[in-house]
2 protein chains.
Amino acid sequence: MSNPADSRSVKSTRTTFRLIEALEANDGARLTDLADELGLAKSTVHQQLSALVDLGYVLKEDGQYQLGLKFLDLGAYVRTRKRAYNLAEPHVEQLATETGERAQFMTEEHGQAVYVHTKQGEHAVKADRRVGKRRYLHSSAGGKAILAHFPEARIEAVIDRWGLPQETDNTHATRESLFEDLEAIRERGYSMNKAESISGLWSVGVPVMGPEGTPVGSFSVSGPRHRMKAEQFHEETVDLLLGTANELELNIEYS
Amino acid sequence: MSNPADSRSVKSTRTTFRLIEALEANDGARLTDLADELGLAKSTVHQQLSALVDLGYVLKEDGQYQLGLKFLDLGAYVRTRKRAYNLAEPHVEQLATETGERAQFMTEEHGQAVYVHTKQGEHAVKADRRVGKRRYLHSSAGGKAILAHFPEARIEAVIDRWGLPQETDNTHATRESLFEDLEAIRERGYSMNKAESISGLWSVGVPVMGPEGTPVGSFSVSGPRHRMKAEQFHEETVDLLLGTANELELNIEYS
DNA sequence: TATTTTGTTCGTCGACAACGAACGCATATG
DNA sequence: CATATGCGTTCGTTGTCGACGAACAAAATA
C-alpha cells in the first residue's frame, strides 16, 4: 500500500514503467534526457528501451523514443472489459448531444475516479478530461456520486489514502463538509460540483449502481456555471441523468 | 528484429509483458493458472503481479487478477499522439453514418496495420475489429492502401517479416499477385478487399498521405459483398473516401 | 579540423528475479 | 468432524541479469 520502498523486490518492473510513464509525460524523449530525468545510467536506459522496442511497445521515431500503439490494444481491452463500460458508451454520446455540454462516464479504481467515456456536446467547454485521466473522488461530480454510495469504512479509506487535495477555493477541505455533501447526495440522488475542481465549471453527476448494491460508475454532465445554474436546464439535466443511469442499471442486470 | 533469444538481456521486462498479455488474452486469470501457462514458479508470478498491483496496473477482482484502467490512460495517450489520429476520428464517424457500414482509420506500425478509429454504421456487420487490433497489410483494404505507397524495399521488408498468411481462399498468396494489386491500387487511387480476410466481407480503402509523401494511415469502409458490390454504392463510397482522405491531408498540412 | 553531444557496445559486479519448499486458509470429500 | 485438495502467500537460497562506468562511434556544432 505504501508507495515508496515497497516490500520485497521488483525494482526492474518499476523502472520499466517509470520509463514508460516518462515517455508519456514528455510526449516522447531522447535517450540521454530520459537517463537524466530518471537518474539512471545511459546504458541502462538503452538496454531497457531496446527490450521495449523488441517487444513492440516502444518505437524510435526520428530520433525520439515514443510509445507505440500496442498500448492502444491494452487500453481498448480494459475499456471493454466490463459490460457496464460498453453499455455506457452510447448513453454518454446521447447525453452530450441532448445537453450540448460535456458528458462522461467514470468508474472508480484505486480510490480515484477514471474517465472511461467522454464526449463533448455542441457547446462543450474545453477541458483536459481525456479518457483514462484520473480525478479525485471528492472533487468531481462523478466521483462524489460514486463515493456517496460506498460503505463508510471505504470512504474513510479513500480519504486516508488520497487526502483532500484543494483544487479551487470550493473544494471540500474537511471531512465534515464532505460527509454532509455525501449525505445530501444520497438523499436527493445526484451530486453537484460547483467549481470544486475548475473555476467556473459546474457539473451534475448520478451513480450507476450494480446488482450487489455497490456503484459501478457514474454519469455526469459538465458546463459553464451560467448555463448549468439555470433552473430549467438544471432540472432537465438531472432528470435526463437519472433516467440514463436507470436505463443502464437495467441493461446491466438483464441482457 | 528476431523475436526469440534476443540480444543482451532484459528477461524480466519480457516476463512482465508476457504476464500482461496473458491477462489480456485470458480476460483475467488466477495466479496458479498464469504460472502454469507461462511455465514460471508460482512465487515468481506472485512477486511480479504484486509489483504490478502496487504500481496500479493490475488489480485483484474477486479472486482474479485483471488489467487495470491505467492502461486506458496509456492507450488514450498513444491514440492522440499524432495529430492525424485526432483529426481522423470525426471523419470515421461521418463515413459510418453516411455509408451505414463499418468505417475505420488505420495506421502502420511494425509492418502491420493497426485500427486507430472504428465506427459501425447503421447496417454494419459485426466483426472483431476493435481499436488497437492488428491486421496484416496484405490482406486488408486499409493495409493495402498504405502498403501500395511504400517504397519497394519497404514492401519487401514487410513481406519478409510477416510473410503472406492465408486468411481465406482470396488472400494474396504470391508476391506477384500482391504486387499486381498494389500497382492497380496506385493507378486508380483506392484499394479493394474482396473477401481476402473474412468470407463474404468486402472493403474499400484509400491512403492518407503525409506531407513527406509517405502514407500516414488509411480510411476504409467494410460491408457485406452484396451491398459493397452494387455499382452505384461502390462509386459513391470511393468518391466519399477519396474526398475524406483529401480533406484530412489538407487538415494535417495546414492547421 | 577540433569539440561537444548524441547513441551504442562491452566488461564487471552486486542486487534481485526466479526458484522450491513450507505455511495458512479456504472449500471439498471422506 | 477429521482428511484431503486446491489455492495464494511467505521465506531462504542461488545464479542470473539489471545497472553501472568507461570506452567507442557517429553526428551535430563550432
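Taken together, the values in this text are just the output of simple stated rules run on the coordinates, not laboratory data. Nothing here was measured: the structure is a model prediction, and the numbers come from that model. Ideal geometry is used to build each Cβ from the backbone, glycine not excepted, and the neighbour counts take in all protein chains shown.
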Shortest first and in nm with one decimal, please list how far the B:Glu212 label point sits from its counterparts in the other copies (point 7 Å along Cα→Cβ).
5.1
Aspartates and glutamates near A:Lys194 by alpha-carbon distance under 19 Å, same-chain residues fewer than 8 away left out - which ones?
A:Glu101, A:Asp128, A:Glu167, A:Asp169, A:Glu176, A:Glu180, A:Asp181, A:Glu183, A:Glu231, A:Glu235, A:Glu236, A:Asp239
Using alpha-carbon coordinates, inclination of helix A:11-25 to the longest axis of chain A, degrees:
70
Cα long-axis angle, helix B:70-79 against chain B (0 to 90 degrees, to the nearest 10)
30
Can you give the local net charge around A:Arg129? Use residues other than it whose beta-carbon is closer than 13 angstrom to its beta-carbon, Lys and Arg +1, Asp and Glu -1.
+4
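Within the set of other residues whose C-beta is less than 13 Å from the C-beta of B:Thr99, count the net charge using Lys and Arg as +1 and Asp and Glu as -1.
Overall, the nearby charge balance is -4.
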Between B and A, which B residue has the Cβ nearest their rotation axis, distance in Å?
B:Gly75, 1
Helix A:231-253 sits off the longest principal axis of the Cα atoms of chain A, rounded to the nearest 10 on a 0 to 90 degree scale, by 70
Grab the Cα-Cα distance for A:Glu61 and A:Trp162, subtract it from 0.36 nm times how many residues apart they are, and report the gain in nm with one decimal.
32.6 nm
Residue among B:Val206, B:Val53, B:Val114 with the largest mean-square fluctuation in a Gaussian network model of chain B, springs linking Cα atoms under 10 Å:
B:Val53
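Can you give the FRET efficiency to the nearest 0.05 for B:Asp128 and A:Ala173, using r as the Cβ-Cβ distance and R₀ = 60 Å? Show your work: numbers first, answer last.
Numbers: r = 49 Å, r/R0 = 0.82.
According to the calculation, E is roughly 0.75.
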Gaussian network model of chain A, springs between alpha carbon atoms under 10 Å - residue of A:Arg154, A:Arg83, A:Arg18 with greatest fluctuation:
A:Arg18
One decimal, nm, nearest first: from A:Asp169 to the same residue in each other copy, label points 7 Å out along Cα→Cβ, the values are 7.6
Place the label 7 angstrom along Cα→C-beta at A:Asp27 and in each other copy, then list the distances from the first to the rest in nm, shortest first.
3.7
Among the aspartates and glutamates, which fall within straight-line cross-link reach of A:Lys60, defined as a Cα-Cα distance under 20 Å, with same-chain neighbours fewer than 8 residues apart omitted?
A:Glu21, A:Glu24, A:Asp27, A:Asp33, A:Asp36, A:Glu37, A:Asp73, B:Asp6, B:Glu108, B:Glu109, B:Glu212
Counting Lys +1, Arg +1, Asp -1, Glu -1, what net charge surrounds B:Gly217 among other residues with beta carbon under 10 Å of its beta carbon?
0
Anything over 30 Å Cα to Cα? Flag those among A:Lys70/A:Lys133; A:Lys82/B:Lys11; A:Lys133/B:Lys42; A:Lys82/A:Lys126; B:Lys11/B:Lys133, in the order listed.
A:Lys82/B:Lys11; A:Lys133/B:Lys42
In a GNM of chain B with a 10 Å cut-off on Cα contacts, which of B:Gly217, B:Gly143, B:Gly75 has the highest mean-square fluctuation?
B:Gly75
Within a 10 angstrom radius of the beta carbon, how do A:Ser222, A:Ser43, A:Ser255 rank from fewest other beta carbons to most?
A:Ser255, A:Ser43, A:Ser222
Normalising by the residue count of chain A, find the relative contact order in percent from Cα pairs under 8 Å and 6+ residues apart.
14
Can you pull the mean other chain C-beta count within 10 Å for peptide A:16-26?
3
Is the C-alpha gyration tensor of the protein assembly as shown telling us rounded, prolate or oblate? Criteria: a/c under 1.5 is rounded; beyond that, a/b larger than b/c is prolate, otherwise oblate.
oblate
